[in-house]
Amino acid sequence: MEYQTILVQAQDGVCLLTMNNPKSLNALGTPTIRELAHALEAIEADASIRVVIITGAGKAFVAGADIVEMSTAAAEQARKLAKETHALYRQMGESSKIFIAAVNGFALGGGCEYALACDLRIASDRAKFGLPEVSLGILPGGGGTQRLARLVGSAKAAELMFTADIIGADQALAMGLVNSVVPGEELLEATQNLAKRILKNAPIAVAYAKKCLRQSQEGGLESGLEYESNMFALCFATEDQREGMAAFLEKRAATFGNH
């Protein structure tokens, strides 16, 4: 498939996925959502890719959903758009890959939700975050009402959603919305370095740890603990576990293969 609004480049275990429609500030409309879903299927099928870095071309990560498209949508069309967006982010959540948002600029509304759907978030010092949907007469429909509270707590999530405030990178860091903030010119390098730190670890164990984290966010403590124990046990049926522990005991660097 030839993409019109995204760029996909893979190298050395990392896929750089760039939102590439700067004229619209990388707005998330139905065509882009469908391109992303197709790209994610291809990425998931590529065993050589373990980490996906998502960033934006121009001055925006994703400035929001496509308001032109939404302005004429009826209720059923809006429901369909929300469902397609949920399905895209479910793809990311259920994927064995680790998704890192390299937030280079505006991440508002649907763009903030896109970043929330990633496993990790690194922000440029020029990044801006917010869920301003209530100022447009709607509410966050791409998972923002659910994921933000899980990440920063219900009080901070309520404040952001109810006020439609836009916050800077430092405030986002203080509330736990992002993992770190770096100078804009260092954003991709910092994100690549984080990817390398992940890549040096056992692929199956990292994927299983992601599954456990997702379970902890979606279920209760006891069900999460049960799921964790099962995934923990499965690690012990892998070559990675044997290699990792042997390397530790032998005081050498572990060599993990791709899976």
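Derived scalar couplings between HN and Hα for the range 43-57 equal 5, 4, 6, 8, 5, 6, 8, 10, 10, 10, 9, 10, 9, x, 7 Hz in order, rounded to whole Hz, by the Karplus curve 6.51 cos²θ - 1.76 cosθ + 1.60 (θ = phi - 60°), x for Gly and Pro. The Cα-based radius of gyration of the chain, divided by its Kirkwood radius, gives an Rg/Rh of 0.98.
Computed from Cα atoms, the angle from the helix 203-218 axis to the main principal axis of the chain rounds to 50 degrees. A Förster distance of 22 Å, applied to the separation of the beta-carbon atoms of A10 and A237, puts the FRET efficiency at 0.15.
For the range 156-236, the fraction of C-alpha pairs more than 20 angstrom apart is 58%. Couplings for the range 140-156, taken from phi via the Karplus curve 6.51 cos²θ - 1.76 cosθ + 1.60 with θ = phi - 60°, read x, x, x, x, x, 5, 9, 6, 5, 4, 5, 8, 10, x, 5, 5, 5 Hz in order; Gly and Pro are left as x. Classification of the range 70-111 by its C-alpha gyration tensor yields an oblate form. The axis ratio a/c (a ≥ b ≥ c) is 1.5 or more, and b/c is at least a/b. Working note: Cα atoms of the range 203-249, range along each principal axis, descending, whole Å: 36, 15, 15. Using Cα atoms only, what is the angle between the long axis of helix 239-249 and the major principal axis of the chain, expressed in degrees (0 to 90) to the nearest 10? It is inclined by approximately 60 degrees. Diagonalising the gyration tensor over the Cα atoms of the range 41-152 and scaling each eigenvalue by 5 before taking the square root yields semi-axes of 23, 18, 13 Å, largest first. In loop segments of the range 1-50 as defined by DSSP, the GluC sites (Glu not before Pro) with at most 10 further C-beta atoms inside 10 Å of their C-beta are E2. Taking amide H as placed 1.01 Å from N in the peptide plane, L28 has its amide H under 5 Å from the amide H of G64, A65, D66, each at least 5 places away in sequence or on another chain.
Give the separation of the Cα centroids, the range 93-127 to the range 33-69, in Å. Spelled out, the Cα-based centre of one part sits 10 Å from the other. The relative contact order of the chain comes to 15 percent, based on Cα pairs under 8 Å that sit 6 or more residues apart.
Rounded to the nearest 10 degrees, the angle from helix 75-94 to the longest Cα principal axis of the chain is 20 degrees.
The numbers here are math on the coordinates, done by the rules we state, and not lab data. A quick note: this is a predicted structure, and the numbers were derived from the prediction, not measured. Heads up, the Cβs are rebuilt from the backbone with ideal geometry, glycines too, and the neighbour counts pull from every protein chain shown.
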